[in-house]
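Q: Dumping the structure here so I can ask a few things about it.
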Amino acid sequence: GCLNLHPGQLPEYAGLHTHQWAIRNDEPSCATTLHWMKEGIDTGDIAYMREILIGPRDTGLSLFMKCMKSGAELVIKALDDIAVGVEPPKTAQDLTRRKLYTNEHARCGSIRWEWSSRQIYNFVRAADYHPFDSPTYVPTATLIDGREISILKAELVADPNLEVGQVSSSDSRGVIVGAGDRQGVLITKIRDHNQAVVKGAAITEVI
């Protein structure tokens with residue numbers, strides 16, 4: 001048989017870009033799984049799986065690197081077992097809990113301000129692969145005048161009773177925008193319609 005390294009928890013996170021989805025779904029942890037290959041996407045028996053905690057400031061890139069480090073350790077474990085004649089374990093997946101994530105599902109980058117502030121924050125950081133490009137989506141928002149901007153960095157802030165999409169205030173870090181839970185999201189870095197990267201208080205000149 002053959003083993004496949006999957007950067008996600010099975011069976012709940014089968015398919016592509018699952019570490020990004022773990023952040024977007026506000027999971028406290030994800031996993032790296034080494035599983036036996038069979039017909040079907042990520043459906044084979046589990047050989048080894050290791051939990052990975054998701055930090056409050058983890059990005060798509062940082063969590064992917066955690067998954068790869070953990071995955072390399074699982075591969076070494078499997079090779080060590082095979083070298084001494086021990087077959088890697090086989091634990092059947094409960095496919096009733098299976099969720100398959102596809103590339104198509106991960107491509108849309110449009111932010112909806114009616115989402116909660118945490119949903120927006122997670123959406124932005126899951127796509128953050130700085131200094132590299134995201135392999136899936138870039139978070140985007142459309143301004144009142146129809147211009148589109150890319151939101152590259154965001155933070156959660158305590159700024160209650162904001163209307164959805166309302167620009168509340170600004171400081172040297174950026175601007176605060178109201179979300180669906182009437183809390184604020186601090187936008188600290190964007191790429192504007194001219195493809196220029198803008199930071200901090202200068203954002204107020206664009207939004």
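Q: Comparing Lys189, Lys69, Lys153, which has the greatest mean-square fluctuation in the GNM of the chain with Cα pairs linked when under 10 Å apart?
A: The residue with the greatest mean-square fluctuation here is Lys69.
Q: Further question: Given R₀ = 35 Å, what would the calculated FRET efficiency be for Thr96 paired with Thr142, taking r from the Cβ atoms and rounding to 0.05?
A: 0.30
Q: Given Cβ point charges of +1 (Lys, Arg) and -1 (Asp, Glu) and nothing else, what value in debye, to the nearest 20, does the dipole of region 1-49 about its Cα centre take?
A: Dipole about the Cα centre, nearest 20: 100 debye.
Q: Ratio of region 96-207's C-alpha Rg to 2.2 N^0.38 Å, to two decimals?
A: Normalised by 2.2 N^0.38 Å, the Cα Rg of region 96-207 equals 1.08.
Q: Ok, one more. Would you mind telling me the share, in percent, of accessible area of the chain contributed by carbon and sulfur at probe 1.4 angstrom?
A: C and S atoms contribute 53 percent here.
Q: Still on this structure, I have one more. What full-extension length gain, to one decimal in nm, is calculated for Phe132 and Met37 as 0.36 nm per residue of separation minus the Cα-Cα distance?
A: 31.1 nm
Q: Considering only DSSP states other than H, G, I, E and B, which trypsin sites (Lys or Arg not before Pro) in region 26-58 qualify as loop sites with at most 10 other Cβ atoms within 10 Å?
A: Arg57
Q: Next question, about the same structure. Specify the angular offset, from 0 to 90 degrees and rounded to the nearest 10, of the alpha carbon long axis of helix 117-126 from the longest principal axis of the alpha carbons in the chain.
A: Taking Cα atoms only, the helix is inclined about 60 degrees.
Q: Is the shape of region 1-51 best called rounded, prolate or oblate, per the rule: a/c under 1.5 gives rounded, else a/b larger than b/c gives prolate, else oblate, with a ≥ b ≥ c the square roots of the Cα gyration tensor eigenvalues?
A: Judged from the Cα gyration tensor, region 1-51 comes out prolate (a/c at least 1.5, a/b above b/c).
Q: Are there trypsin sites (Lys or Arg not before Pro) in region 100-148 that DSSP puts in a loop and that have at most 15 other Cβ atoms within 10 Å, and which ones?
A: Sparse-neighbourhood loop trypsin sites (Lys or Arg not before Pro): Arg107, Arg112, Arg147.
Q: Another question, then. Using alpha-carbon pairs under 8 Å, 6+ residues apart, how would you state the relative contact order of region 117-207 in percent?
A: 26 percent
Q: Return one number: the angle in degrees, 0 to 90 and rounded to the nearest 10, between the long axis of the Cα atoms of helix 60-83 and the longest principal axis of the Cα atoms of the chain.
A: The angle comes out at about 10 degrees.
Q: List the chymotrypsin sites (Phe, Trp or Tyr not before Pro) within region 64-168 that fall in a DSSP loop (any state other than H, G, I, E or B) and whose Cβ has at most 13 other Cβ atoms within 10 Å.
A: Passing both the DSSP loop test and the Cβ count: Phe132.
Q: Another question, then. Beyond 16 Å, what share of the Cα-Cα pairs of region 128-168 remains, rounded to the nearest whole percent?
A: Looking at region 128-168, the distances longer than 16 Å represent 53 percent of pairs.
Q: Shifting gears a bit: Would you work out the charge dipole size for region 7-147 about its Cα centre, treating the Cβ of every Lys and Arg as +1 and the Cβ of every Asp and Glu as -1, and quote it to the nearest 20 debye?
A: Dipole about the Cα centre, nearest 20: 320 debye.
Q: Let me ask something else. Taking only C-alpha pairs under 8 Å that are 6+ residues apart, what is the relative contact order of region 36-130 in percent?
A: Averaging sequence separation for qualifying contacts and normalising by length gives 41 percent for region 36-130.
Q: Skip the ligands, DNA and RNA, and give the accessible area per residue of region 1-94 with a 1.4 Å probe, whole Å².
A: 51 Å²
Q: Answer with a single label: of [x] 39, 16, 14; [y] 29, 21, 18; [z] 25, 24, 16, which was calculated as semi-axes √(5λ) of the Cα gyration tensor in Å from the structure in view?
A: [x]
Q: Can you compute the helix-only [θ] at 222 nm over the chain? Use -39500 (n - 2.57) per DSSP H run of at least 4 residues, normalise by all residues, nearest 500 deg cm²/dmol.
A: -6500 deg cm²/dmol
Q: Would you mind working out the magnitude of the charge dipole of region 54-94 relative to its Cα centre, with +1 at each Lys and Arg C-beta and -1 at each Asp and Glu C-beta, to the nearest 20 Debye?
A: 220 debye
Q: A follow-up question, please. Distance in nm between label sites at Leu79 and Asp45, each 7 Å beyond Cα in the beta-carbon direction?
A: In this crude spin-label approximation the distance works out to 2.4 nm.
Q: Report relative contact order for the chain in percent, whole number only (criteria: Cα-Cα under 8 Å, sequence separation at least 6).
A: Contact order relative to length: 17 percent.
Q: What pairs from Lys99/Lys153; Lys69/Lys199; Lys99/Lys199; Lys66/Lys99; Lys99/Lys189 go past 30 Å between their alpha carbons?
A: Cα-Cα > 30 Å for Lys69/Lys199; Lys99/Lys199; Lys99/Lys189; rest within.
The values are calculated or read from the model by the stated rules, or taken from the named source; none is laboratory data. These figures come from a predicted structure and were not determined experimentally. Note: ideal-geometry Cβ built from the backbone for every residue, glycine included; neighbour counts use all protein chains shown. Note: accessible area is taken over every heavy atom of the protein model, side chains too, but ligands, DNA and RNA are not part of it. Shrake-Rupley method; radii C 1.70, N 1.55, O 1.52, S 1.80 Å.
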